[in-house]
Amino acid sequence: MVKKVLKFGGTSVGTVERISYVANIIKKEHSTGNKIIAVVSAMSGKTNELIKISKEISEEFSKRELDVLLSSGEQVTSALLSGALIKLGIKAKSWMNWQIPILTDGEHSNARIINMHIDKINKFLDEDGVVIIPGFQGISKNGDITTIGRGGSDATAVAVAKILSADTCEIYTDVDGVYSSDPNKIPVAKKIDKISYDEMLELSSLGAKVMQSSAVQTAMMYDIPLEVKSTFSERKGTKIFNQDNIDYTKSVTGVAYSKDDAKVTIIGVEDRPGVAANIFEPLSKAQINVDMVIQNISSDHKTTDITFTVKRDDVLKTKQILKESAKIKYREIVENNKVAKISIVGAGMVSTPGVTYRMFRALSDENINILAISTSEIKLSVIIEEDNTLKAIKKLHTTFELE
Ligand code: ADP
Ligand code: ASP
Ligand code: MG
């Protein structure tokens, strides 16, 4: 007997037929004697639809009420899946976050699961019942409903697996595993059989939405092995686990991309000590995350240009803060919203020299200009013009033999 957490994403529960299909997967697992906890997302598109409706009421819709609204999507699928199992003759029950409860800390829309009461869940499992838990939601210590960030059902599944000491945590989705790049956009992308937590964390933080990054982080912290697999095929998925078990013959494991960033350049800033601090301090106080930074060498020793990237959603606020700051003197601020961040990720990069140069050469062969660069031990990211995204990813697949 094995205790399993099975998480089903939005597409997997996107229609009534699919919910019935998922119920049959659970039935099969349950019939072999396993204890099953299913974590479900809202039907695909539902959360976006609810956000849109909230904006029709107000662009500044209350964050508390938004969490109440958004959590309804997962409530619907939990009840439907439970009902589908009951129809198949299986004892099943769904609980809302506040009934369990699943306790969270932190702000609305971006809370974090800190604990969960397990007595009634374990009791129901012992009575041979299938437990259905809605992903993405929790309850704060004040008793308010919270949500834990977009794609957060993955994080719920991992937290539930940890707190209930499950033997496995399987992420069922609409692709049959983690690929070197998004297989829906890059047909040459190749499936990865196994990948380390560190690499998966980089890939998901840099845009591979197949796993939510905070879920990977929790799995890594508590060493909870994950498997990403397809709801719609029996093919073997991708195992995500501790890197000791991985072989590093390849320098690059995957190529992630995101179009969430914007590049900001401050032209003609004074070139003297303390200027960078004066620029980035007010941004940090305003919770604006600065990612890459480049400072040009000043030719006249008086002024220089500083380029950095922030999330696109933060560009207006960034410009406003810089304009209002009395401490910063500059000639002009220019921004570019039409950029993409392309990142190569691989634990093998640590031991393979020349990866950086090969990436730059590959992009230059395609006539792609690099606008900013950042590196860490196992990743290398560049900012390029957004129109070149697919061309760059394809070229990097060829260069690093990922096809
Ligand atoms: P779910 O609703 O099941 O949580 P998501 O839409 O969040 O599913 O994640 C699955 C999607 O992630 C896939 O349909 C695919 O388009 C996308 N994706 C992005 N990068 C990758 C990658 N490297 N490997 C696999 N899928 C990826
Ligand atoms: N429904 C939520 C979202 O769309 C959570 C999830 O699907 O994981 O972000
Ligand atoms: Mg997801």
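The values are calculated or read from the model by the stated rules, or taken from the named source; none is laboratory data. What you are looking at is a predicted structure, and each value in this text was computed from that prediction instead of being measured. Ideal geometry is used to build each Cβ from the backbone, glycine not excepted, and the neighbour counts take in all protein chains shown. The area values use the complete protein model at the heavy-atom level, side chains included, leaving out ligands, DNA and RNA. Shrake-Rupley method; radii C 1.70, N 1.55, O 1.52, S 1.80 Å.
Before moving on, here are some points about what is shown:
- Share of Cα-Cα pairs in the range 120-172 lying beyond 18 Å, as whole percent: 40 percent
- Note on S20/A326: beta-carbon distance plugged into 1/(1 + (r/R0)^6) with R0 of 45 Å gives a FRET efficiency of 0.10.
- Apportionment of accessible area to carbon and sulfur, the chain, percent (1.4 Å): 49 percent
- Dipole check for the chain: with +1 at the C-beta of Lys and Arg, -1 at the C-beta of Asp and Glu, and the Cα centre as origin, the magnitude is about 480 Debye.
- Summed over the residues of the range 1-102 and divided among them, the accessible surface reaches 48 Å² per residue at a probe radius of 1.4 Å.
- Relative contact order of the chain: 13 percent, from C-alpha pairs under 8 Å at least 6 residues apart in sequence.
- Put simply, the Cα atoms of the chain extend 79, 49, 33 Å along their principal axes, the longest span coming first.
- The mean sequence distance of close C-alpha pairs (under 8 Å, at least 6 residues apart), as a share of the length of the range 270-367, puts its relative contact order at 23 percent.
- With both residues required to sit in the range 92-198, DSSP beta bridges show an antiparallel share near 65%.
- Förster-model FRET efficiency, 25 Å R0, E385 and I57, C-beta, rounded to 0.05: 0.10
- Of all DSSP beta bridges in the chain, antiparallel share, percent nearest 5: 60 percent
- Separation between Cα centres of the range 43-95 and the range 179-225, rounded to whole Å: 26 Å
- Checking every one of the trypsin sites (Lys or Arg not before Pro) in the range 228-270 against DSSP loop status and a limit of 15 other Cβ atoms within 10 Å picks out R235, K236, K259.
- For the range 1-146, the relative contact order comes to 27 percent (Cα pairs under 8 Å, sequence separation of at least 6).
- Ordering H108, H397 by accessible surface, largest first, gives H108, H397; the 1.4 Å probe counts only protein heavy atoms, with every chain in place.
- When Rg and the Kirkwood radius Rh are both evaluated on Cα atoms of the range 284-344, their ratio Rg/Rh stands at 0.98.
- Placing one equal scatterer on every Cα of the range 1-52 and applying the Debye formula, the log10 ratio I(q)/I(0) at q = 0.21, 0.23 Å⁻¹ is -0.74, -0.82.
- Note on S374 and Q287: the model spin-label points, each 7 Å out from Cα along the C-beta direction, lie 1.9 nm apart.
- Sparsely packed GluC sites (Glu not before Pro) within the range 1-94, loop by DSSP, other Cβ within 10 Å at most 15: E59, E60
- Projected over all directions and averaged, the alpha-carbon convex hull of the range 179-305 occupies 11.8 nm².
- Of every Cα-Cα pair in the range 323-397, the percent that sits beyond 19 Å: 44 percent
- Once the Cα gyration tensor of the range 241-390 is diagonalised, semi-axes √(5λ) in Å: 32, 17, 16
- Solvent-accessible surface ranking, highest first, for I139, I36, I57 at 1.4 angstrom: I57, I139, I36
- The share of Cα pairs per 10 Å bin across the range 155-227, counted from zero up to the longest distance, runs 20, 54, 23, 3 percent.
- Label-point gap, in nm, between K87 and S364 - each point 7 angstrom along Cα→Cβ: 6.2 nm
- Legend: translational diffusion of the range 240-302 by Stokes-Einstein, Rh = Kirkwood radius over C-alpha pairs, 4 °C, 1.567 mPa s; D = 81 µm²/s.
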